[in-house]
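K.L.:
Can you read through this structure? Questions will come right after.
The values are calculated or read from the model by the stated rules, or taken from the named source; none is laboratory data. These numbers come from a predicted model, not from an experiment. Cβ placement follows ideal geometry from the backbone for every residue including glycine, while neighbour counts extend to all protein chains displayed. Protein only, heavy atoms only, side chains kept; ligands, DNA and RNA dropped before computing areas. Shrake-Rupley method; radii C 1.70, N 1.55, O 1.52, S 1.80 Å.
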Amino acid sequence: MNEQWRPAASLQLLKKRAHLLARIRAFFAAREVLEVETPVLSAAAITDSHLSSFTSHYQGPGAAQGKMLYLHTSPEFPMKRLLAAGAGAIYQVCRVFRQGEVGRLHNPEFTMLEWYRPGFDHYVLMDEVAALMRELLPQALLSDDIERLTYAEAFQRFAHIDPHVATVAEFHACADAHGLPTVAGLGDDIDGWRDLLLTHVVEPQLKGLVFIYDYPASQAALAKIREGTEVTPAVAERFELYCNGVELANGFHELLDADEQRARFLAENEQRKSAGLVEVPVDELLLAAMAKGLPPCAGVALGIDRLVMVATNSKAISEVMAFPLDRA
Amino acid sequence: MANYSTSEFKRGLKIMQDGDPCSIVENEFVKPGKGQAFSRVKIRNLKTGRVIERTFKSGESVEAADVMDTDLQYLYNDGDAWHFMDQTSFEQVAADATAVGDEKKWLREQDICTVTLWNGAPISITPPNHVVLKVEDTDPGVRGDTAQGGSKPATLETGAVLQVPLFVDIGDLIKVDTRTGEYISRAKE
């Protein structure tokens with residue numbers, strides 16, 4: 001008898017999950033943030049070389065020869081088009097898809113909560129994320145104030161290195177000192193070394209809820225970059241929320257400049273090419289919306305499955321999904 | 001020699017590391033939402049038994065190790081090597097003291113053992129979970145004391161020394177768990 005038909009999560013846990021989603025919707029309703037829906041299938045894709053989109057094919061009226069479509073990795077681009085159209089504060093709960101990601105904390109499709117706040121910067125949005133956590137998480141996981149560390153402070157405290165100025169040789173020595181003697185293939189990719197130390201050394205030492213903010217400018221993604229001074233490096237106005245070392249959310253003080261956004265997309269496609277990955281179509285509709293004018297805003301994406309995991313003290317993402325990949 | 005990419009990693013996969021054959025014990029996918037993905041693995045060196053941690057950038061590939069577990073019959077020890085035979089092909093292989101290691105104390109002629117071969121040569125031996133061995137030396141047995149606790153050391157025909165209940169006598173056959181080195185029961189041949 002094949003038992004794989006059964007849900008991986010208990011029905012009791014699935015009820016908790018539904019309850020949590022209802023509270024999220026109530027939270028945003030009370031704050032007059034509008035729920036929206038945007039397409040899962042898109043003609044353009046994310047260019048980030050560390051994200052891989054599933055592809056699909058439409059064939060039929062309007063596309064007799066067929067048309068390549070990408071499953072979104074996050075609803076960010078069309079939500080920004082809604083912002084440019086004057087939608088105001090908006091949120092969405094949807095399934096997103098990421099090729100090649102399976103593990104204790106990863107399933108190739110998962111549920112994302114994403115929201116945008118015109119008029120907020122990343123500091124104010126962190127306050128709202130904290131308020132949502134107080135609504136949703138058990139008391140035991142909450143403290144009066146959620147700790148906020150800059151990316152540099154987190155590395156200095158837990159890995160004893162300045163992540164903005166360290167050289168490859170210094171990252172290598174630091175990895176060595178933390179028992180990571182050989183990591184094949186990183187070469188002189190500074191951000192790769194930063195990610196190694198972040199995931200292997202810093203994250204395991206993060207206790208309770210912690211925000212990390214002000215990322216290296218090279219990891220800005222779609223965040224605004226704040227120029228450096230003679231004594232401070234340029235940083236991306238980006239933050240992440242962790243709970244006991246598990247990454248829950250990623251937020252940006254959003255980049256508004258369409259030209260810079262295009263330059264980043266093109267640079268990322270170049271990176272894809274040199275890494276032997278396929279280039280993907282840049283989202284011209286997002287760029288057109290940004291050219292028309294995106295209101296100054298901050299936005300954040302939060303993984304619901306991981307939130308359920310930490311709220312229920314589960315060990316793996318598969319424990320909080322009805323049908324993870326191996327039962328899909 | 002074949003290679004495995006990190007997406008093929010799973011428990012039990014045999015790969016080469018630092019010139020030695022290793023088996024993956026644990027494999028974890030690690031990736032920041034925006035950033036580099038890694039495979040963080042625990043691997044057991046099949047020659048030394050030592051478990052170490054390694055991290056690979058996702059997409060890297062690693063040399064495969066030509067390692068095979070075979071069930072072979074233990075024949076005899078000639079002073080230098082321990083000889084095993086495939087019961088179907090009657091082919092024999094000789095394992096040296098490094099490969100046999102501490103397991104030699106559980107090897108009884110005719111028993112079927114798992115012999116791990118690397119490039120065709122034995123690198124480790126796993127005896128059956130339970131073996132029956134003869135007690136060669138122990139203090140005299142205490143008759144009628146079968147219910148009482150208490151134990152005493154006994155030396156077996158293979159040289160293994162373990163704790164046995166007081167009623168066990170020289171010449172008795174006993175069943176031993178080779179994984180823990182503990183006495184299980186008296187046995188009949």
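Yes/no per residue for (1) under 30 Å from A:Ala322 (Cβ atoms); (2) modelled with pLDDT under 95; (3) exposed (fewer than 13 other Cβ atoms within 10 Å of the Cβ):
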site	(1), (2), (3)
A:Gln92	yes, no, no
A:Leu105	yes, no, no
A:Met112	yes, no, no
A:Tyr123	no, no, no
A:Leu149	no, no, no
A:Ala169	no, yes, yes
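K.L.:
Another question about this same structure. Does B:Lys152 count as open to solvent by 30 Å² or more (accessible area, probe 1.4 Å) and not in a loop (DSSP other than H, G, I, E, B)?
P.N.:
Spelling it out, it is not the case that B:Lys152 is open to solvent by 30 Å² or more (accessible area, probe 1.4 Å) and not in a loop (DSSP other than H, G, I, E, B).
K.L.:
Mind listing just one residue for me: the one in region A:94-103 that is open to solvent by 30 Å² or more (accessible area, probe 1.4 Å) and within 14 Å of the chain's Cα centre (by Cα) and, of those, farthest from the other protein chains (Cβ to nearest Cβ)?
P.N.:
A:Arg95
K.L.:
Considering only residues that are buried (at least 19 other Cβ atoms within 10 Å of the Cβ) and away from every other protein chain (no Cβ under 11 Å), which ones fall in region A:173-191?
P.N.:
A:Cys174
K.L.:
Let me spell it out: the conditions are (1) away from every other protein chain (no Cβ under 14 Å); (2) among the basic types (Lys, Arg); (3) in contact with a Phe, Trp or Tyr (Cβ under 9 Å, 6 or more places away or on another chain), and A:Arg238 meets all of them except one. Which number is the exception?
P.N.:
Among (1) away from every other protein chain (no Cβ under 14 Å); (2) among the basic types (Lys, Arg); (3) in contact with a Phe, Trp or Tyr (Cβ under 9 Å, 6 or more places away or on another chain), A:Arg238 violates only (1).
K.L.:
Of all residues being in contact (Cβ under 8 Å) with a residue 60 or more places away in the chain and within 10 Å of another protein chain (Cβ to nearest Cβ) in region A:192-222, which is nearest to A:Ala298 (Cα to Cα)? Just the residue, please.
P.N.:
A:Leu222
K.L.:
Let me ask something additional. For A:Pro108, indicate whether it is closer than 30 Å to A:Leu277 by Cβ and in contact (Cβ under 8 Å) with a residue 40 or more places away in the chain.
P.N.:
Yes.
K.L.:
Under 6 Å by Cβ, and 6 or more places apart or on different chains, what pairs join a residue from region A:30-53 that is more than 14 Å from every other protein chain (Cβ to nearest Cβ) with one that is polar (S, T, N, Q) and assigned to a loop (DSSP other than H, G, I, E, B)?
P.N.:
A:Ala45/A:Ser53; A:Ser53/A:Thr73
K.L.:
Could you please find all residues in region A:14-29 being within 17 Å of A:Arg95 (Cα to Cα), open to solvent by 20 Å² or more (accessible area, probe 1.4 Å) and touching a residue at least 40 places away in the same chain (Cβ under 8 Å)?
P.N.:
Across region A:14-29, the qualifying residues are A:Leu14, A:Arg17, A:Leu21, A:Arg25.
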